[in-house]
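Novice: Before I ask anything, here is the structure I am working with.
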Amino acid sequence: MKTFGILVLVVVGAAFAAPAATSHATVSLLQPQGRAITAASVTYILRVPNEKAAQSTYSVTMTVPEAVQESITVKQMADWTITLQRRDTGQKTAAGEAIMATQKVTWRAKSGNLIRPGFYGEFQFRLRNPATAQRVCFSIDQWYNARRRGGKPQLVSWSGASTSATPASCVEVVTG
């Protein structure tokens, strides 16, 4: 596992620059580039490389850390179906609308848009970083199609410790 500058651990790390040389699903800061500053509204990018020689990625699910569930919005994509798993927080906006918390985001490839071997996919989202400095970790489930007809899809869950073979991606949110 490699890390980016200060902030990225391998599955949804956000921080400085380009993704690590060794694959895995990673999150990094897209705009503004630099450090993930407390309370800043920022755009992140989830990069999901296909690490299989003979299988394609057809679905990606990101678990959203509780600290940012109320502020995340996801970029629409014509070639992927996006599903948000949300819950009502019981709070209301000034306009009286329910405040929803997004717990998971699932991207599912539409026909002909799988992430094939040797390629990667990118998925953008915006959120407001937590108001206090902390590590924010995202778990990513990456689904590969079956190796052969009638076989079962394969799940790789990028949710482990930083020293594991399948680490979650973490962002270090720092005080500006």
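Novice: Which is the longest stretch in the chain that no exposed loop site breaks, taking sites as trypsin sites (Lys or Arg not before Pro) with a DSSP loop state and at most 14 other Cβ atoms within 10 Å?
Specialist: Details: sites that count: K2, K75, K110, R147, R148, R149.
With trypsin sites (Lys or Arg not before Pro) excluded where exposed in loops, the chain gives 3-74 as its longest stretch.
Novice: Hey, what D do you get for region 26-174 in µm²/s if you plug the Kirkwood alpha-carbon radius into Stokes-Einstein at 25 °C and 0.890 mPa s? Present the calculation step by step, with values, prior to reporting the outcome.
Specialist: Working: Rh = 16.4 Å.
Translational diffusion coefficient: 149 µm²/s.
Novice: Then there's this: In what order do Y58, Y44 fall by count of nearby beta-carbon atoms within 10 Å, going from fewest to most?
Specialist: Values: Y58 19, Y44 26.
So the residues, fewest neighbours to most, are Y58, Y44.
Novice: May I ask you to list the residues of region 79-107 whose amide nitrogen lies under 20 Å from a point 7 Å from Cα along the Cα→beta-carbon direction of N113?
Specialist: 79-85, 104-107
Novice: Only residues of region 106-123 count here: report those whose backbone N is under 19 Å from the spot 7 Å along Cα→Cβ of Q85, or say none.
Specialist: Correct set: 106-109.
Novice: What distance in nm lies between label points placed 7 Å from Cα along the C-beta direction at S157 and Q134?
Specialist: The two pseudo-label positions are separated by 2.3 nm.
Novice: Using +1 on the beta carbon of Lys and Arg, -1 on that of Asp and Glu, and nothing else charged, what's the dipole of the chain about the Cα centre, debye to 20?
Specialist: On the way: 19 positive and 9 negative charges, 117 e Å.
Using Cβ point charges on Lys, Arg, Asp and Glu, the chain gives about 560 debye.
Novice: Highest GNM mean-square fluctuation, the chain, Cα pairs closer than 10 Å: which of L46, L84, L29?
Specialist: L84
Novice: Does anything in region 114-129 have its amide N under 19 Å from the 7 Å Cα→Cβ label point of E51, and if so which residues?
Specialist: Residues 115-123 qualify, since their backbone N sits under 19 Å from the label point.
Novice: Once you place label points 7 Å from the Cα toward the Cβ at A39 and E122, how far apart are they in nm?
Specialist: 3.1
Any read-out appearing in this document is the output of simple, stated calculations on the displayed coordinates, not a laboratory observation. Treat the numbers as computed from the prediction; the structure is a model and nothing was measured. Note that we place each Cβ from the backbone using ideal geometry, even for glycine, and neighbour counts take in every protein chain shown.
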